[in-house]
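Each remark here refers to the structure printed beneath this line.
Readers should treat all values here as calculations from the given coordinates under stated rules, not as data from a laboratory. Fair warning: this is a prediction, and the values are worked out from it, not measured in the lab. Here Cβ is always computed from backbone atoms with ideal geometry, including for glycine, and neighbour counts include all displayed protein chains.
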Amino acid sequence: MATVSFKGATRYYAGVDKPAVDRLDLEVEDGEFLVLVGPSGCGKSTTLRMLAGLEGVDEGQVHIGDRDVTDLPPKDRDIAMVFQNYALYPHMTVAENIGFHLKIGKVPKAERARMVAEAAELLDLEPYLDRKPAKLSGGQRQRVAMGRAIVRRPQVFCMDEPLSNLDAKLRVQTRTQIASLQRRLGVTTIYVTHDQVEAMTMGDRVAVLKDGTLQQCDTPVGLFAKPANLFVAGFIGSPAMNLLPQGEHVLGVRPEGWRITEDVDGTPGAISATVEVVEELGSDQYLYCATPEHEQPLTVRTPGMAPWQRGDRIGLVPLPDAAHRFDAATGERLPG
Amino acid sequence: MSTVDTAGRKAPRKPKPPPAARGISPLRVLGKVIVWLFTAFNVFVLYWLISASFKTPVEIFTQPFQLPRQWFVLGKPFRNFVYAWSQAGFGEAFLTTVLLVGASAIVTVAIAAPAAYALTRLGVRGSGPMTNFFAIGMGVPFQTVIIPLFVGMAKLNLTNSLIGLFLVYVALSLPFTVFLLTGFFRSLPDEMEEAAAIDGASPFRTFTSIMLPLARGGLITALTLNAIGLWNETLLSIVFLQDNAKFTLARALFTFYGAASYQSEYGGLIAGVTIVVLPMLVLYIVLARRIITGLTLGAGK
């Protein structure tokens, strides 16, 4: 078990002047589940690969526990990694895949078999130990990749979008399984995803990256309640926060932060809007409303089966606690 | 949920092809005709070769397309093969060739595989130019360097020696094999190596335990192509081997050709050709499926 810290870690790619990861400072607690999230090309995978030792660190340092691992090869870092496409060895059986690290580490055969069986039991892989990866379903392969990581009992798990190759339903199931497994094992975990729902549901804390720089690192609740800037405000939450330019400020209101009134003209401060699209999800309903002042339609969440229909004229009033204010020039959150 | 009623419905014997594949275009017909003519011609030549190897010289010339008869009537159907095998020294030459070609092909691949791996995967400085250097080697026809090669080998006392020919074979096969295998190693996914690195495997271990098994299809392809090429190689064996006892099959066939046509022993000669041709045909038929599955072996998700 160990902490992980990035100290001004910077990574350049050949032929690109702008760093892929720029002076990243990040502290991960012992046993914490930290999610790195951001749009593609934001540097989240590069950050993870720097920690794993698959990518060099041009400036700054990476520490695991109190060891400076910046220049250590992957094998000396005591980490395990789950790859996006699992990277299972296709010519080895599930048991051999899971036990490959132990075999290299010259763990005696009986001990190895016991550890592999233990990991397989944890992941419900026992019936498949003699199969090759090609004979497994996507979900099973994903579990083998997990098994390969947990059998090592490493100090840190690195996970690079491990769920992105699963179908939607399996992804939701596996998400919960991974989160609960991590909590049970208590291993510090850095998890990369582009899916903000995954980030919010799995992480103890979530670090949002954009263009190689860290935007904000906070608990899911913190990110949602107090986004540090316009990017985080727009990125976290689904559907996204409505951002309304108001002179030097930008007003941010989440879809659930509106009060709807039918009395448009009689309510002071109400934004007059016309319902353009109604998305009925059963439990919720989303209204996409056109307004004369704004180009972007406003998103409004209402309880499911609400009576609104396309073409209805409604008034929208931000709820008192739901208004976020940002500086239009810098994009930073304004106090209050 | 409703269950589909399959009673009274019948699946078509042949499912309908996609719309684009239907209809007869003149080009498609022409292509099919050419492919089938080409195939028919090859099958015909093979038939002629095998049937003639069981015929007497008279039959070969008077009844070139019929099935063989006379040797069967005489009760000695394999007489031509026996003649070629024992009289022309094909028996010994066969063993020599199997050993020489086998050793050359295996050693070539054993040298080329690590070289190709290093050139494509280790990110060595100058690996691009070095790969090109190997590729240039393919562009030099060995016939043009055969005289200096002979002179050089003679100075080393390596002419009229199977070891010498083995060295020449390996050296001349390397460019193509390295080129073939670089393409193959390049196509393997990076994650395999990264996973191996994180699992703690050394570069050597990664190569032997992960990359070589993944490249199995490529290795078998390289082995087969080299074996076929070297098996049929005649010019170098004529130049480098003078001693009957060291003849390879192609070399022995060349000598036998002189003797057999002088004695009008055409049946034996064709049986000799068959002995040279058939093993490679069989090798290819046996390995073709493995080559193809090997080439398409998936490693990712």
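Miscellaneous remarks
- Theoretical FRET efficiency, 1/(1+(r/R0)^6), r = Cβ-Cβ of B:Trp48 and B:Ser161, R0 45 Å, to 0.05: 0.75
- Computed FRET value (nearest 0.05) for B:Leu287 with B:Phe38, which takes r as the C-beta separation and R₀ as 25 Å: 0.65
- Point-to-point label distance, A:Leu251-B:Arg186, nm (Cα→Cβ direction, 7 Å offset): 5.9
- Qualifying lysines (Cα of each under 26 Å from Cα of A:Lys210; at least 8 residues distant if same chain): A:Lys7, A:Lys18, A:Lys44, A:Lys226
- Taking B:Leu253, B:Leu174, B:Leu156 in turn, the Gaussian network model of chain B (Cα-Cα springs below 10 Å) assigns the largest fluctuation to B:Leu156.
- Length-normalised contact order of chain B in % [C-alpha pairs under 8 Å, at least 6 apart]: 27
- Kyte-Doolittle mean at least -1.0 and Cα axial length at least 24 Å: DSSP H helices in chain A: A:168-185
- When DSSP beta bridges are restricted to pairs lying wholly in segment A:4-230, around 50% turn out antiparallel.
- Cross-link partners for B:Lys55 among the lysines, with Cα-Cα distance under 21 Å and sequence neighbours closer than 8 places in the same chain left out: B:Lys76.
- Of the residues A:Gly282, A:Thr10, B:Met130, the one whose Cα sits farthest toward the positive end of the charge dipole of the protein assembly as shown, with +1 on the Cβ of Lys and Arg and -1 on the Cβ of Asp and Glu, is B:Met130.
- Counting only lysines at least 8 places from B:Lys246 when in the same chain, those with an alpha carbon closer than 20 Å to its own are B:Lys155.
- Among A:Arg23, A:Arg205, the order by Cβ neighbours within 10 angstrom, fewest to most, reads A:Arg23, A:Arg205.
- Annotation: amide H of A:Thr219 within the under-5 Å range of A:Val206, sequence separation 5 or more or interchain, hydrogens built in the peptide plane.
- With the convex hull drawn around the C-alpha atoms of segment B:83-298, the volume per residue stands at 134 Å³.
- A:Ala240 paired with B:Val145, simple spin-label distance in nm, labels 7 Å along Cα-to-beta-carbon: 6.1
- Short-range pairs are left out: with C-alpha atoms under 8 Å and at least six residues apart, the relative contact order of segment A:183-336 is 21 percent.
- GNM flexibility winner over chain B from B:Ala113, B:Ala135, B:Ala195 (Cα, springs under 10 Å): B:Ala195
- Alpha-carbon radius of gyration plus Dmax, which is the widest Cα pair, for the protein assembly as shown in Å: 35.8, 119
- Length-normalised contact order for segment A:4-230 - Cα pairs under 8 Å, 6+ apart - percent: 30
- A crude spin-label estimate for the pair A:Glu295 and B:Val82, with each label 7 Å from Cα along the Cβ direction, gives 9.5 nm.
- Restricting the calculation to Cα atoms, chain A yields a radius of gyration followed by a Dmax of 23.6, 80 Å.
- Gaussian network model of chain B, Cα within-10 Å springs - most flexible of B:Glu191, B:Glu265, B:Glu233: B:Glu191
- Neighbour-count order for A:Thr3, A:Thr193, fewest beta carbons within 10 angstrom listed first: A:Thr3, A:Thr193
- Under the membrane-span-like helix rule (DSSP H runs whose alpha carbons stretch at least 27 Å along the helix axis, mean Kyte-Doolittle hydropathy 0.0 or higher), chain B yields B:26-52, B:90-121, B:162-186, B:266-295.
- By the count of neighbouring beta-carbon atoms within 10 Å, fewest first, A:Met81, A:Met202 end up ordered A:Met202, A:Met81.
- Using R0 = 56 Å, the C-beta based FRET efficiency linking B:Phe72 and B:Val29 works out to 0.85.
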